[in-house]
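Only one structure is covered here, and it is reproduced in the block below.
The values are calculated or read from the model by the stated rules, or taken from the named source; none is laboratory data. What you see is a predicted model; the values in this text were computed from it and never measured. For neighbour counting, all protein chains shown are included, and Cβ atoms are generated from backbone atoms with ideal geometry for every residue, glycine included. What goes into the accessible areas is simple: the full protein's heavy atoms, side chains included, and nothing from ligands, DNA or RNA. Shrake-Rupley method; radii C 1.70, N 1.55, O 1.52, S 1.80 Å.
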Amino acid sequence: MFSAISKAIRQLDDKAFRSVLLKALALTAGIFILVGFGASEAFSLVPEFEYGWLNTVISFLAGLGFLLGGFFLFPLVISALIGLFLDDISDAVERKHYPQDDPAHDLPILSSIWDAVKFLALVIACNLIVLPLYFIPVINLFVYYLLNGYLISREYFQMVAIRHHDVEEVTRLRKTNASELYLMGIVIAFSLTIPILNLIAPIIATAAMVHLYKKRVGSVPKSRELVA
């Protein structure tokens, strides 16, 4: 796992990686601007109460909820959106490290969009269900890491492997040493809570998942092939 992460980090200067990051950032910013505008408009429709202090409390809780939601959901949203450009990252990794392997079949753009939307919807829905727990110190971090670690590990591996196999084979590969994938997901979820790092963490995660996938199918990296 750590070898996969190390290889992914060393490839961050790849042109394809930078392009994906810029596009995902632009889309994420646009989504949060729209969500913020919609939330502001919706809150303006809430009638004011007779007691001024009650209105202040409600305004404070609404603002706090939006900030907490943004803190936890921003990296997850950008993570899901990077799925739209997963082919670019995966192709760059496979081109550099596994040129001897059969090329992947590119997924149709509509299929990529649908997968990204499903992942985003699943992440938001699951996090909204446990949202009350996010207000409890310490417990909120455990819930966040365990829940999103599972979601991220499952979906990222799925998106990487489906470029080479059918769903049944992808499921079989994912269940092979599933604990390693889950641990990878938790590491990624943790990195998503660190400012600045959370912007590039989804790209590192995607690249690392390619290496873990190749490990499962028995591919020989380019460097090892040359040594042999």
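Of note:
- Checked against (1) closer than 23 Å to Ile194 by Cβ; (2) out of contact with any helix residue (DSSP H, G or I) (no Cβ under 6 Å at 6 or more places or on another chain), Ser111 meets all criteria but (1).
- Taken over segment 191-219, the criterion of being within 20 Å of Leu81 (Cβ to Cβ), of a type in the set (A, V, I, L, M, F, W, C) and touching a residue at least 24 places away in the same chain (Cβ under 8 Å) is satisfied by Leu192, Leu199, Ile200, Ala201, Ile203, Ile204, Ala205, Ala207, Ala208, Met209, Val210.
- Hits in segment 132-159 (condition: over 27 Å from Tyr213 (Cα atoms) and open to solvent by less than 60 Å² (accessible area, probe 1.4 Å)): Tyr134, Asn140
- Conditions (1) outside any helix (DSSP H, G or I); (2) more than 20 Å from Ile204 (Cβ to Cβ); (3) open to solvent by less than 20 Å² (accessible area, probe 1.4 Å); number of the one not met by Arg163: (2)
- Considering Ala92, Ala125, the condition of being of a type in the set (Gly, Ala, Ser), closer than 27 Å to Val167 by Cβ, at pLDDT 85 or above and surrounded by fewer than 11 Cβ atoms within 10 Å (Cβ to Cβ) is satisfied by Ala125 alone.
- Breaking point among (1) open to solvent by 80 Å² or more (accessible area, probe 1.4 Å); (2) at pLDDT 80 or above; (3) outside any helix (DSSP H, G or I), for Glu168: (3)
- Tally of residues being open to solvent by 10 Å² or more (accessible area, probe 1.4 Å) and either within 15 Å of Ala16 (Cα to Cα) or not in a helix (DSSP H, G or I) (or both) across segment 200-217: 2
- Of the residues in segment 131-145, not one is assigned to a helix (DSSP H, G or I), out of contact with any Asp or Glu (no Cβ under 6 Å at 6 or more places or on another chain), among the polar types (S, T, N, Q) and closer than 20 Å to Leu12 by Cβ.
- Of all residues in segment 171-185 being buried (at least 18 other Cβ atoms within 10 Å of the Cβ) and of a type in the set (A, V, I, L, M, F, W, C), the one that is farthest from Ile9 (Cα to Cα): Leu173
- Any chance Arg154 is touching a residue at least 24 places away in the same chain (Cβ under 8 Å) and of a type in the set (D, E, K, R): yes
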